[in-house]
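All remarks here apply to the structure that follows.
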Amino acid sequence: MNPNPKPQPIDPERVAALLTQASEELDGATVAALKRAREAALERQLLRKPVFALSMGHHTHWLASHSVPQWAAASILCMAVLAGLAGYWHYEAEHDISQTDVALLTDDLPLEIFVDH
């Protein structure tokens, strides 16, 4: 006997048929208990508002469905990203200028710098 048999693909229709057959074999008391347990679980479940997501989705009404704090958070996030990009750009520009200054002072510039293109 093979200890690791190759798993068979799952047939959803066969699974549904087996579940239907098994549910028909349950007695009335078990079905009633399962129904009460389901209803109790649904009563305990908290209904929550959808979480704010930075997703356009497939609908155009997404703009009106967000609250002021969500818009404020999105605005702050956008400003932080823009400030980070501006800081990075400034650092890179300053770094390029300082590299040019060092090259000028040490006379290590290539000849192409002085030639007009």
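Residue by residue through the range 75-105, note down the ones that are among the β-branched types (Val, Ile, Thr) and under 31 Å from the mean Cα position of the chain (by Cα).
Narrowing the range 75-105 to residues among the β-branched types (Val, Ile, Thr): 76, 81, 97, 100, 102.
Passing the criteria: Ile76, Val81.
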Every pair of residues 6+ apart whose Cβ atoms lie under 6 Å, when the first sits in the range 29-55 and is under 21 Å from Ser75 (Cα atoms) while the second is modelled with pLDDT of 85 or more and surrounded by 10 or more Cβ atoms within 10 Å (Cβ to Cβ): Phe52/Gln70
Residue tally, condition surrounded by 10 or more Cβ atoms within 10 Å (Cβ to Cβ), at pLDDT below 85 and of a type in the set (A, V, I, L, M, F, W, C), over the range 56-94: 2
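The values are calculated or read from the model by the stated rules, or taken from the named source; none is laboratory data. All values reported here derive from a predicted model rather than from experimental measurement. FYI the Cβ positions are ideal-geometry reconstructions off the backbone, even for glycines, and counts take in every protein chain you see.
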